[in-house]
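Notes to accompany the following structure.
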Amino acid sequence: MYELITKYFYGEITAKEKKLLFTAMETDAELKKEFLSVQNLRALTSWIPAGEDESVAVGKLLEFKQARKEKSFVIPYKHILGYAATVCVAVFSTWMITNRTEQPTVEEPAIAYEEFSTPSGQRALLKLHDGTTVWLNARSTLRYPNHFGKNERKVELDGEAFFEVKQNGKVPFVISTEKANIKVLGTKFNVFAYKGHEEFNTSLVEGSVKVYQGESDADALDITPHECVFLSDGKLVKSYFDNSDFLLWKEGIYAFDDVPFSYIIKKLELYYDIRIIQKNKKLDQYRFSGKFRQRDGVESVLQTLQKVYYFSFVKDEENNCITIR
């Protein structure tokens, strides 16, 4: 598993290996601690010489960390790790990755792509090279270039994210998802677009965006603040929202407002990567409201819901499954 951490930060890990690593971290505290340690070190890549390849820089950090295990560079490492810990505390246990700004070069450098993923029950903050910030919800992946081109800033999203796009009137920012694309110049908005999941939603907080299917935005839906776009029978539909509690996930809170029990179950399965079998059919007739801390986990959410309409549940650790009765 420790070898997979190295492959992850070198950018050589496969999708299958990444899922295996994130699953293992759910139950292996030491493995998760090691991952976070390297993650924090990566946040300090600004001290790597300008122009050096990102994967090489990360590789050197890993080699540096290994040298520390061999009782070399002990004092410098402690100083660096102490600063990394400060970064970690500053974001209240959320992993924060600040990508270093590319140094200007005479020739346009070749574009390489990076990928960042969040495990179940976690969230993360990224800062892209153009100054755009992106919050990623649990089990989300953002694929983005190491630098943006002159005509377009394009990223790929699988999951849920909140974007604060840096204003640039000449270079639009495009988010590509499985079901639709979003084009903006500078704005704040939320996108829910997990691959293989029926639900798609784009909700605008500030500015304006275009939401469209396919490659052309000729038939795009334009939305203004407090408007959203969602899929209905495969078509994009525009609506309005006045309650923004669903955006609290950025602060580590999952909020549900008068929704069916089945809706909450689907979200818990998605965010915590667990299968939930619902055998108590009486619960289907009830609607629930509540706010829950992400870090408390799926069982804490269910225990709170029990106080509204009683039910029992049992967790099968081996099969990563919860049965509700």
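The values are calculated or read from the model by the stated rules, or taken from the named source; none is laboratory data. Owing to the predicted nature of the structure, the values given are computational and were not obtained by experimental measurement. When we count neighbours, we look across all protein chains shown, and the Cβ atoms used for this are built from the backbone with ideal geometry, even at glycine. Surface accessibility is based on the protein's heavy atoms, side chains included, excluding ligands, DNA and RNA. Shrake-Rupley method; radii C 1.70, N 1.55, O 1.52, S 1.80 Å.
Per-structure values
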item: Exposure of T133 as accessible area (Å², to 10), given a probe of 1.4 Å and all protein chains; result: 40
item: Ranking by accessible area, most exposed first, for T27, T323 with a 1.4 Å probe; result: T27, T323
item: Estimated D of the range 233-309 in µm² per second, where Rh is the Kirkwood radius over Cα pairs and Stokes-Einstein applies at 20 °C, 1.002 mPa s; result: 156
item: Surface per residue (accessible, 1.4 Å probe) for the range 262-325, Å²; result: 61
item: Long-range HN-HN contacts of Q122 with modeled amide H, under 5 Å; result: A138, R139
item: Heavy-atom SASA rank of I277, I265 (probe 1.4 Å, accessible area, largest first); result: I277, I265
item: Coil-residue GluC sites (Glu not before Pro) of the range 175-239, DSSP, other Cβ within 10 Å capped at 16; result: E178, E198, E199, E215
item: Low-density loop cleavage sites - GluC sites (Glu not before Pro) in the range 258-323, where at most 12 other Cβ are within 10 Å (DSSP); result: E317, E318
item: Rounded percent of accessible protein surface that carbon and sulfur make up, the range 200-325, 1.4 Å probe; result: 44
item: List S140, S262, ordered by accessible area with a 1.4 Å probe, largest first; result: S262, S140
item: Reach of K179 by Cα under 19 Å, taken over aspartates and glutamates that are not fewer than 8 positions away in the same chain; result: E156, D158, E160, E198, E199, E215, D217, D219, D222, E227, D233
item: Cut-off under 5 Å, modelled amide H: who pairs with H147 long-range; result: A112
item: Too-long pairs where the Cα-Cα distance tops 25 Å, listed order kept, from K32/K127; K195/K266; K195/K279; K183/K266; K19/K282; K195/K250; result: K195/K279; K183/K266; K19/K282
